[in-house]
Amino acid sequence: MPLDASVRSRRVHVVEDEDEVREAFRVLLSTADVEAVGFSSAEAFITADGEREAHCILLDNNLPGISGLSLLKRLKGAGSKATVIMITGRGDVPTAVDAMRNGAFHFLEKPFDPDVLIGLVEEALARASQPPTETTDLGAYRLALQLLSEREREVHDLMIEGVPNKVLAHRLSISVRTVEHHRAAVMRKLDMRSLSHLVRAAMAVNN
């Protein structure tokens, strides 16, 4: 029997191989009246027809067998409209940016603030239940780019490529602390809440 749309709209498919983590997600999401349906692998998700059923997916990248990023690319190739939040390890910025380029709505680094996760899930669920809209003011973003100094623009361009701070510092022959200072200035001047929002804006402008 088909599920009521209102029920499905508050459901998140969680693809995570660790049982304890899946259970933690289930308990956390239940506090926001969100149902979590867990899968221990990408293969289990595919077998359960998750590609067709899912509206919102919380997807760990480090999965046995098919990786989270590979599943994300499969979803994109199949034309899935699911809103995907990718979970990555701390410092795994290149993978996170690659996820954004392959259709992820957002990425979240472990360990993360539970309130931040709830906020992202609510945002993703709202996005999944509405017609696509452009939430970033691209005109303002383009204008704000002009406010960046030459060095800040260099840092900006490497940030959206997913270059880690240490590598970025080496390429520009500056210290990691200086890189962090420039990154903060870039985010402030462009009025971006997170790196994923910055990457999404840059991709939209360049498309």
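The values are calculated or read from the model by the stated rules, or taken from the named source; none is laboratory data. The structure presented is a predicted model; accordingly, all values stated were derived computationally and were not measured. Here Cβ is always computed from backbone atoms with ideal geometry, including for glycine, and neighbour counts include all displayed protein chains.
For segment 9-51, filtered to residues that are within 14 Å of residue 122 (Cα to Cα) and either among the β-branched types (Val, Ile, Thr) or outside the structural domain of residue 114 (by TED's automatic domain parsing) (or both), the residue that is surrounded by the most Cβ atoms within 10 Å (Cβ to Cβ) is 12.
Among the residues of segment 83-104, those that are part of a loop (DSSP other than H, G, I, E, B) and either in contact with a Leu (Cβ under 6 Å, 6 or more places away or on another chain) or buried (at least 22 other Cβ atoms within 10 Å of the Cβ) (or both) comprise 102, 104. Of the residues screened, residue 66 is not one that is in the same structural domain as residue 43 (by TED's automatic domain parsing), within 22 Å of residue 29 (Cβ to Cβ), in contact with a helix residue (DSSP H, G or I) (Cβ under 6 Å, 6 or more places away or on another chain) and without any contact (Cβ under 8 Å) to a residue 40 or more places away in the chain.
Between 193, 171, the distinction of being in a loop (DSSP other than H, G, I, E, B), among the basic types (Lys, Arg) and in contact with a helix residue (DSSP H, G or I) (Cβ under 9 Å, 6 or more places away or on another chain) belongs to 193 only. Residues that are without any contact (Cβ under 8 Å) to a residue 40 or more places away in the chain and either surrounded by fewer than 16 Cβ atoms within 10 Å (Cβ to Cβ) or under 23 Å from the mean Cα position of the chain (by Cα) (or both) within segment 160-171 comprise 165, 166, 167, 168, 170, 171, listed in sequence order.
Applying the selection to segment 5-55, what residues are in contact (Cβ under 8 Å) with a residue 40 or more places away in the chain and polar (S, T, N, Q)? Within segment 5-55, 9, 31 qualify. Looking across segment 59-79, the residues that are closer than 18 Å to residue 19 by Cα and not in a helix (DSSP H, G or I) come down to 59, 60, 61, 62, 63, 64, 65, 66, 67. Does residue 188 satisfy the criteria of being over 21 Å from the mean Cα position of the chain (by Cα), surrounded by fewer than 16 Cβ atoms within 10 Å (Cβ to Cβ) and part of a helix (DSSP H, G or I)? No, not satisfied. Filtering segment 161-183 to residues that are under 19 Å from residue 107 (Cβ atoms) and of a type in the set (A, V, I, L, M) leaves 163, 167, 168. The single condition among (1) within 28 Å of residue 183 (Cβ to Cβ); (2) assigned to a helix (DSSP H, G or I); (3) not small (Gly, Ala, Ser) that residue 46 does not satisfy is (1).
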